[in-house]
Amino acid sequence: MAYATVADMVVRYDERILGELVSDDSTRIVGEDLEDNAKLLAILNTASGVINASVLRAKRYTVADLESLTGVDEATLVDITCAIAWWYLWRRKPQAETQDPIRETAQKDAEQWLKDLRSGETIFNVEDVKEAGLPEGKIIDRATIISRNMWSEQLRGRLTPMRRFPNTPPQ
């Protein structure tokens, strides 16, 4: 199941350019023909699959997590899907001007979204994931250090300087 629809693409990008990018014979596809266009639907499915692969590779989400998103998180997922699909539409036209700023921007945006999903820079409102990256610090007290009977602690004062604990008078 694709995370975005053709209507989502039309909201975000110019319908005329979309129609030209999915056409193979230089006739612009518009309206209902664009809604049912097999190439655009396939690209949306591919973009959704690439998102799935990125988040599964990073082990941050499951497909069920992504499918259950609502509200602004769902809108962000739709936007990411459309950005990747937009690049894939440009990529399927190799004869198009390769230095076109729209094409370059589409490629950079798609690559950046995928990188952010894999690295955890972009996270969705899924409780397990929000808590996953928080560091947890542990403080070891003096009694624990002494009770572990570590060789480095046994040699303190002989070979290495004495450890100074806060609020403890020097020995």
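Here is a check on your reading of the model: is ASP33 modelled with pLDDT under 85, assigned to a helix (DSSP H, G or I) and open to solvent by 30 Å² or more (accessible area, probe 1.4 Å)?
Details: modelled with pLDDT under 85: yes; assigned to a helix (DSSP H, G or I): yes; open to solvent by 30 Å² or more (accessible area, probe 1.4 Å): yes.
Spelling it out, ASP33 is indeed modelled with pLDDT under 85, assigned to a helix (DSSP H, G or I) and open to solvent by 30 Å² or more (accessible area, probe 1.4 Å).
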Residue that is nearest to VAL10 (Cα to Cα) [pool: residues in the range 75-88 that are open to solvent by 40 Å² or more (accessible area, probe 1.4 Å) and out of contact with any Phe, Trp or Tyr (no Cβ under 8 Å at 6 or more places or on another chain)]: ASP79
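Specify which of the listed residues (ARG12, ARG28) is of a type outside the set (A, V, I, L, M, F, W, C) and either farther than 30 Å from SER119 by Cβ or over 21 Å from the mean Cα position of the chain (by Cα) (or both).
Details: ARG12 fails: either farther than 30 Å from SER119 by Cβ or over 21 Å from the mean Cα position of the chain (by Cα) (or both).
Of ARG12, ARG28, the one residue that is of a type outside the set (A, V, I, L, M, F, W, C) and either farther than 30 Å from SER119 by Cβ or over 21 Å from the mean Cα position of the chain (by Cα) (or both) is ARG28.
Being farther than 20 Å from ASP109 by Cα, buried (at least 17 other Cβ atoms within 10 Å of the Cβ) and of a type in the set (A, V, I, L, M) is true for just one of LEU44, LEU40, LEU69. Which residue is that? Full working, then the answer.
Details: LEU44 fails: farther than 20 Å from ASP109 by Cα; LEU40 fails: farther than 20 Å from ASP109 by Cα.
The unique qualifying residue is LEU69.
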Any pair with Cβ under 9 angstrom, 6 or more apart, that starts in the range 40-60 at a residue that is more than 9 Å from ALA85 (Cα to Cα) and ends at one that is among the polar types (S, T, N, Q) and surrounded by fewer than 16 Cβ atoms within 10 Å (Cβ to Cβ): VAL55/THR62; LEU56/THR62; ALA58/SER119
Pair list, Cβ under 7 Å, 6 or more apart: the range 7-31 residue free of Cβ contacts under 8 Å to residues at least 60 places away in the same chain, other residue part of a helix (DSSP H, G or I) and open to solvent by 50 Å² or more (accessible area, probe 1.4 Å): ARG28/ARG16; ARG28/GLU20; VAL30/GLU15
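The values are calculated or read from the model by the stated rules, or taken from the named source; none is laboratory data. What you see is a predicted model, and the numbers here were worked out from it, not measured in a lab. Every residue, glycine among them, receives a Cβ derived from its backbone with ideal geometry; neighbour counts consider all protein chains shown. SASA here: full protein model, heavy atoms, side chains in, ligands and nucleic acids out. Shrake-Rupley method; radii C 1.70, N 1.55, O 1.52, S 1.80 Å.
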